[in-house]
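Reviewing the structure listed below.
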């Protein structure tokens, strides 16, 4: 019996042998890693030779979003990005741009992720550095994203 890396990590999480930093949890699509690898290879080939383009997105919601939306936050994010994806698929663009949420990170505590301040430039710089920790440079990795987006209810433009 062969065990995939994904199955091993899931097992370690399930039995508490591996943990994320306190106050951080992720929401990831349930998938077969081998099927995902084949799909990525197909997408890469297709996008190189056609009008199909894929933008893989990491979405990070801060503690203020978590406080406001509670358990509905995941649905809120997926609904929001479903709308974004449909806008980018509009025929007037004359290109097939597919926005794919590859990972959602929800920060339950204020100190669990990048420090969100009233200074937009500082917040952006901190978030850019922080999100790089979660991005695998290998484009075929399921932990790779092209774009990272921070959702906050904090006032970053005071």
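Rule-based calculations on the coordinates, nothing more; no lab input. Treat the numbers as computed from the prediction; the structure is a model and nothing was measured. FYI the Cβ positions are ideal-geometry reconstructions off the backbone, even for glycines, and counts take in every protein chain you see.
Here are the numbers for this structure:
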item: Modelled label reach - residue 80, point 7 Å along Cα→Cβ, segment 136-158 residues with backbone N closer than 20 Å; result: 145-158
item: Calculated FRET efficiency for the pair residue 96/residue 143, C-beta based, R₀ 25 Å, to 0.05; result: 0.50
item: Neighbour-count order for 141, 92, 86, fewest beta carbons within 10 angstrom listed first; result: 92, 86, 141
